[in-house]
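Have a look at the structure below before the remarks.
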Amino acid sequence: MAEVKVKKETNLSEPAEIENRIKELCQQFPQGITDQVIQNDLPHLEPQQRAMALNKLLSLGQLDLLRNSSGLLYRLKDTQSASKMKGSDNQEKLVYQIIEDAGNKGIWSRDIRFKSNLPLTEINKILKNLESKKLIKAVKSVAASKKKVYMLYNLQPDRTVTGGAWYSDQDFESEFVEVLNQQCFKFLQSKAEAARDGKQSPMVQRNSSFATSHEVWKYICELGISKVDLSMDDIETILNTLIYDGKVEMTVIAAKEGTVGSVDGQMKLYRGVNAILQPTGLVKTPCGLCPVFHDCHEGGEISPSSCIYMSEWLDF
């Protein structure tokens, strides 16, 4: 937390002036200020005056009291949050603030206990009370099936929590992914066939067989095979699996700013390909197409003995 360097001494004596100055400091530092910041800005202020001003602002609900590794923090309260938490005690407000800070990735009850220094039984009681008021909600995380994270009630959980479009109730939708694989490849195949039927020069045929990820995304959306809204990133994830399977190739070209599907002046193009030669036996093994092959070794985070793809291949 950066401390305020005092350029000129501020000598305030009226309680209202002190309170206003503290609120101004909170506006300068939206993440919160420590007691030391106030002391640096108001060096002539007596500790008792400072404590009275802070307590009054806290009692009026104009400040939030938070705790971090460096100690207590005072932060200007959001007016909307203040109206929602009207009638709640300080402990409930503290837990709500911690959950709000976690955003749409949520926070585990263990981390709430660590940040609030409240007993687990008290935290569980507060969480149930906030859930009953529909101020927060519990969401199951795909990262840990038996654990829940808490976030504000009106937030849409981050895809790292829900698993995105590929998960439903924490179960991986393998059939849905397979259907998308087939349809994306079918679209690229039809694009390549149309280019060949054009009876143009080989180079023109090849260039005409490419499609942008936006075109593939639009095709999938028009099919209506997905019950969830798919993003361009979702479609590119599917296209990447087709690349690993050797069914699709990708190239990157320069594109004008504002072109649909371009990122940082570049655009990815995809085309369906047919293997000229059948792959050798080694390539057919999981190791032959593994993108993290060079990071795989016994005893490491990626290991042959713990590889699910190798186990499935051997079972087959």
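Nothing in this text is a laboratory measurement; each read-out follows from the coordinates by a stated rule. If you're wondering where the values come from, they're calculated on a predicted model, not measured in any experiment. Glycine also receives a Cβ, built like all others from the backbone with ideal geometry; neighbour counts cover every protein chain displayed.
Assuming 0.890 mPa s and 25 °C, estimate D for segment 13-76 with Stokes-Einstein, Rh taken as the Kirkwood radius over Cα pairs, in µm²/s.
Taking Rh from Cα pairs, D becomes 211 µm²/s.
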* the chain: most fluctuating residue of Phe293, Phe176, Phe29 per GNM, C-alpha cutoff 10 Å -> Phe293
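Can you tell me how much longer the chain between Phe172 and Gln200 gets when fully stretched, taken as 0.36 nm per residue apart minus their C-alpha distance, in nm with one decimal? The partial results should precede the final answer.
Working: separation 28, 0.36 × 28 = 10.08 nm, distance 4.38 nm.
That works out to 5.7 nm of additional length.
Looking at the chain, identify the longest residue range that excludes and avoids all trypsin sites (Lys or Arg not before Pro) in DSSP loops having at most 16 other Cβ atoms within 10 Å. Show your work: numbers first, answer last.
On the way: sites that count: Lys5, Lys7, Lys8, Lys86, Lys133, Lys134, Lys199, Lys227, Lys256.
No qualifying site falls inside 9-85, the longest such stretch.
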* To do: With springs connecting C-alpha atoms under 10 Å apart, model the chain as a Gaussian network and identify which of Pro43, Pro286, Pro30 has the largest mean-square fluctuation.
  => Pro286
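Taking only DSSP H segments of four or more residues, each worth -39500 (n - 2.57), what value at 222 nm results for the chain once the sum is divided by all its residues, to the nearest 500 deg cm²/dmol? Before the final figure, lay out the partial values.
Details: 15 runs with 149 residues, N = 316.
The per-residue figure over the chain is -14000 deg cm²/dmol.
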* Structure fact -> Quick calc: nm separation of the 7 Å Cα→Cβ label points for Asp245 and Glu222 -> 2.2
* **Farthest positive-ward along the chain dipole, Cα basis, beta-carbon charges - from Val204, Gln49, Ser311** => Gln49
* With +1 on each Lys and Arg Cβ and -1 on each Asp and Glu Cβ, how big is the dipole of the chain about its Cα centre, in debye rounded to the nearest 20? -> 560
